[in-house]
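Take a look at the structure below.
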Amino acid sequence: MSFFGQISTPVLDESSTPIIRRALHRARIVGNFALIQAMVQVIGFMSGILLVRTLDQREYAYFTIANTMQGTINLLADIGIGVGLVSIGGRVWQDRHRFGSLINTALSLRRKLGALVVVAVTPVMYFMLVKNGASVLYTALLIVVVLVGLLFQLSIGVFGVVPRLRADIGRIQLIDFTGAIVRLFVLIGLVFVFLNAGVAVAVASAISLLQYAMLRNYATGVVDLDSPQDAEDRQAMLRLIRHLAANSIFYCFQGQITVFLISFFAHRISSVAEVGALSRLAMIFSILTNLLTNVFVPAFARCQDERKLRRLYGVIVGGVAAFSLSIILCAWIFPNEFLFVLGNKYGHLHRELLLMVGGAIFSALTGTFWSLNASKAWVTGAWLYIPLTLVTQVVLIPYTDFSTVTGVLTFNLLSAVPNLLLNLVMSYRGFRSLQLAAA
């Protein structure tokens, strides 16, 4: 059995084994996944820290802006499609032909939506780069490299659902590990040749191509990718897009608001670099995110028993909360150790460190609630996120100095409170609907 194949069996679906045996089996699966995923995240973290320490603050600011805008476009191109993929796929993933129709439908919609988003967001990326001192030629180069990488990321977001719903955890980890280790070695080699923001983004785009090829090759073997698109799936996803569009767009920009605000209002380009560098420390939550995305959320989507669903929800949320609490305590007690890895240029950011970690915790908790809710399509009332957040931010504006990293991070932290509470309410309503349906 291969290193990455140790946990490639379906998870959390056994019904005939004793409770204790099932619990031990699940614990082994989660433990093995967490161990290997920790290795992947450590390698990714090393790549990020290598860039923080190697690039000067101006180049790292450009990298931060380009990377942020690429992530923004990728998220906006997924409005409703990811929710539809998981919620529909949770019912049809065992049917090779039917699952293939769903995948092809999602690919088509995501590419079309991605094209629209590129037209809308690219001018914003251009303005942010030029405003922070990048030449027109360098800005154009960065934009081209970002868009090339985006071409592959759009498909990765769809194909990535295939091994997740099939619970092929070993395959997921092989792809993640390959991408992480190749990126690290390429960056190490480039440190001795030439490395700037454009080259760093180009390396990330090349890794996206590699992972896309691996995912497509896997999907071809287990899903019928020659299946025609499904009209009902398309209509279901279009309904979700219409239902979630405003909320998703707003949420996407809120998720990147620290970089947007500091880019527009800061007097020093080093402030953009400081926000980007601190965000690298938040990568510690990537292990948690990958556990949710690849193990727990698919299991939650597949589970159809109300009692088991409640228990699974409690375990997932409780685990995320405990992990988050341990991280904020470590950042509070050992700030110098956290900042040491960023280098001397960022060693003074003690208060900003706590604010960044606090924001990451709120994001992790909210993301957990949203992922679980979305996997069951418990999204009714999600639109309330916009007015609730706007009211909160309007109240905060008179008291916030947007030209400082501390001010922007505080604004970001407090702005996240309404969405956290709203997702808790949506979870309650989702379980309530199941209870009423069973009555």
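The values are calculated or read from the model by the stated rules, or taken from the named source; none is laboratory data. Everything numeric in this text was worked out from a predicted model, so none of it was measured. When we count neighbours, we look across all protein chains shown, and the Cβ atoms used for this are built from the backbone with ideal geometry, even at glycine. Heavy atoms of the whole protein, side chains included, go into the accessibility calculation; ligands, DNA and RNA do not. Shrake-Rupley method; radii C 1.70, N 1.55, O 1.52, S 1.80 Å.
Tally Lys and Arg at +1 and Asp and Glu at -1 over the other residues with C-beta under 15 Å from the C-beta of T54: what net charge comes out? Mind showing how you got there, number by number?
Details: positive: R53, R58, R183, R280, K345; negative: D56, E59.
Net local charge, T54 excluded: +3.
Could you grab the Rg to Rh ratio for the stretch 57-192? Cα atoms only, Kirkwood for Rh.
Numbers: Rg = 17.6 Å, Rh = 16.8 Å.
Taking Rh as the inverse mean 1/r over Cα pairs, Rg/Rh reads 1.05.
Hey, any idea what % of the chain's accessible area is carbon plus sulfur with a 1.4 Å probe?
Summing carbon and sulfur atoms, their accessible area is 67 percent of the total for the chain.
When only Cα pairs under 8 Å and 6 or more residues apart are kept, what is the percent relative contact order across the chain?
Relative contact order comes out at 23 percent.
What do you get for Rg/Rh over the chain if you use C-alpha atoms and the Kirkwood form of Rh?
Ratio of gyration radius to Kirkwood radius for the chain: 0.95.
Rounded to the nearest 0.05, what FRET efficiency do L420 and V222 give with R0 = 45 Å and r taken as the Cβ-Cβ distance? Could you check? Present the calculation step by step, with values, prior to reporting the outcome.
On the way: r = 37 Å, r/R0 = 0.82.
With a Förster radius of 45 Å, E is 0.75.
Please give the per residue accessible area of the chain, computed with a probe of 1.4 Å over protein heavy atoms only, in Å². Don't jump to the answer; show the numbers that get you there.
On the way: 19390 Å² over 439 residues.
Accessible surface, normalised per residue, equals 44 Å².
Ranked highest first by the average count of other Cβ atoms within 10 Å around their residues, in what order do 375-384, 394-403 fall?
On the way: 375-384: 18.4, 394-403: 11.7.
Per-residue mean Cβ counts within 10 Å order the peptides as 375-384, 394-403.
What's log10 of I(q)/I(0) for the stretch 370-439 at q = 0.14, 0.19, 0.24, 0.29 Å⁻¹, Debye sum over Cα points only, no solvent?
Debye intensities relative to I(0), on a log10 scale: -0.54, -0.77, -0.98, -1.20.
From the Cα gyration tensor of the stretch 195-238, with a ≥ b ≥ c the square roots of its eigenvalues, which class applies: rounded if a/c is under 1.5, or else prolate if a/b is larger than b/c, or else oblate?
Details: a/c = 5.89, a/b = 2.00, b/c = 2.94.
Cα axes put the stretch 195-238 in the oblate bin.
Sort F265, F323 by heavy-atom solvent-accessible area, probe 1.4 angstrom, most to least.
So, going from the largest accessible area down, we get F265, F323.
Just reorder D233, D78, D168, D56 by solvent-accessible area, largest first, 1.4 Å probe, all chains present.
Numbers: D233 5, D78 50, D168 30, D56 85 Å².
Descending accessible area places them as D56, D78, D168, D233.
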